[in-house]
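Okay, structure first, notes after.
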């Protein structure tokens, strides 16, 4: 598969700047910071625990991302289709996968900015005590990978519609299912009738279960593989959707 | 060699056959006016010529490159103004044209020259650093033309380039098209018949997805002479497409 990294870079640059061209970026970053801090302090008992770790902070990330990543991803394709720019973009001498990758990386880089801004938390714990920095680093990497998986799914769904609201809602529902599949609620409902391997499979696909593993400080291969392969699969489907839309 | 070559293009949307076997050839130096009532299949045909839509049947090529088998090579030689002149509204005119130029593979040196030429030719000085969202319809359309011309392509496909322009702007646009026409093959869709007489060397009229006339404007008029009276293009257009479109 021929790939022009120049094209990927150009699409990335345009999309990344586009996030900051509207107040969306500021709103998103503020909401993310406020929610991740608020949840860690008030619902996570960040202080009351009396431990210098970021566990209560990272524990909320799956729940935050399942709303926030669809918000970042929803415009990537739906907006192009609504405005008609997609017609211009896809008649330039570019390949669909180059545009898909460029757009995804722009959203992912924006997420990285949001995560870097939360590192003040880390500084606070470093001041208050001595957190296990290995765990913090592993958790950040895990959080970034999980965000990428949510984002790739959101971008892929955005390619299927010209309506950003529909893209957001569908992506949030799919993300919710992927988070919930590891909870006892879902697993208990399955255990009654489903064969054990199916229960294990559903649990192994859960973003929460896999993310928890990473936040324990070990970059476990299965968890990393799950998130990376989700990204690759969702982007591959994204390319197929773009190509298929030519025929309708 | 024909710079634009399409044969037997067919496109069906659910049950509606939007384009029903359209064939078209355009050689260097020709400006083809693509006419037809609303819904006749003009835009759909243009989308297939540019490779944006895949036809159910038929083939299309640009400068000898099949738009589906060899899309990158075909698109390099093509400048396209889609219907409604879409553009990234959050970008300034300068940034947007530079983005399209770079996506088309222009080096920075060439891009600088081309941008300077576009400012002058398409007359964009006044809005050069304004966001596209803030522009009037006429300027948006001109930005759309500029992005189609940025790489000096051999083939231009312009879907309603003068739609929404005032009479002065329409005049400027026609002069621009006439000025660049000699080295290129240009296809223009329009509703405006006077435009066709002014700039087109050939007229292709389509109705209900089929080509119903393909001739020079004067030949079309001569063929319709009744009692020694040369009709207007509008009369010809109405008589050819009216019964079918009704």
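Tabulated results
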{"item": "Matching residues, region A:69-86, being buried (at least 22 other Cβ atoms within 10 Å of the Cβ) and either closer than 30 Å to residue B:62 by Cβ or without any contact (Cβ under 8 Å) to a residue 60 or more places away in the chain (or both)", "result": "A:76, A:77, A:78, A:80, A:86"}
{"item": "Residue in region B:31-46 that is surrounded by fewer than 16 Cβ atoms within 10 Å (Cβ to Cβ) and not assigned by TED's automatic domain parsing to the domain that holds residue B:116 present", "result": "yes"}
{"item": "Helices (runs of 4 or more DSSP H) wholly inside region B:19-112 containing at least 3 residues that are more than 9 Å from every other protein chain (Cβ to nearest Cβ)", "result": "B:42-49, B:93-103"}
{"item": "Only listed residue being under 30 Å from residue B:72 (Cβ atoms), within 14 Å of another protein chain (Cβ to nearest Cβ) and surrounded by 15 or more Cβ atoms within 10 Å (Cβ to Cβ), chosen from A:94, A:100", "result": "A:94"}
{"item": "Strands (runs of 3 or more DSSP E) within region B:170-216 that include 1 or more residues in contact with a helix residue (DSSP H, G or I) (Cβ under 8 Å, 6 or more places away or on another chain), modelled with pLDDT under 90 and surrounded by fewer than 17 Cβ atoms within 10 Å (Cβ to Cβ)", "result": "B:210-215"}
{"item": "Identity of the residue in region A:1-45, in a loop (DSSP other than H, G, I, E, B) and more than 10 Å from chain B (Cβ to nearest Cβ), that ends up farthest from residue A:118 (Cα to Cα)", "result": "A:1"}
{"item": "Only one of B:156, B:165, B:111 that is modelled with pLDDT of 95 or more and farther than 21 Å from residue B:30 by Cα", "result": "B:111"}
{"item": "Single unsatisfied condition, residue A:123 versus (1) touching a helix residue (DSSP H, G or I) at 6+ places or on another chain (Cβ under 6 Å); (2) assigned to a helix (DSSP H, G or I)", "result": "(1)"}
{"item": "Among (1) buried (at least 20 other Cβ atoms within 10 Å of the Cβ); (2) in contact with a strand residue (DSSP E or B) (Cβ under 6 Å, 6 or more places away or on another chain); (3) at pLDDT below 95, the one test that residue B:142 misses", "result": "(2)"}
{"item": "Selection status of residue B:104, modelled with pLDDT under 95 and either within 22 Å of residue B:75 (Cβ to Cβ) or surrounded by 17 or more Cβ atoms within 10 Å (Cβ to Cβ) (or both)", "result": "no"}
{"item": "Only one of A:86, A:153 that is within 14 Å of chain B (Cβ to nearest Cβ) and either touching a helix residue (DSSP H, G or I) at 6+ places or on another chain (Cβ under 9 Å) or within 28 Å of residue A:241 (Cβ to Cβ) (or both)", "result": "A:86"}
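The values are calculated or read from the model by the stated rules, or taken from the named source; none is laboratory data. Bear in mind that the values here come from a model prediction, so they are computed numbers and not experimental data. Ideal geometry is used to build each Cβ from the backbone, glycine not excepted, and the neighbour counts take in all protein chains shown.
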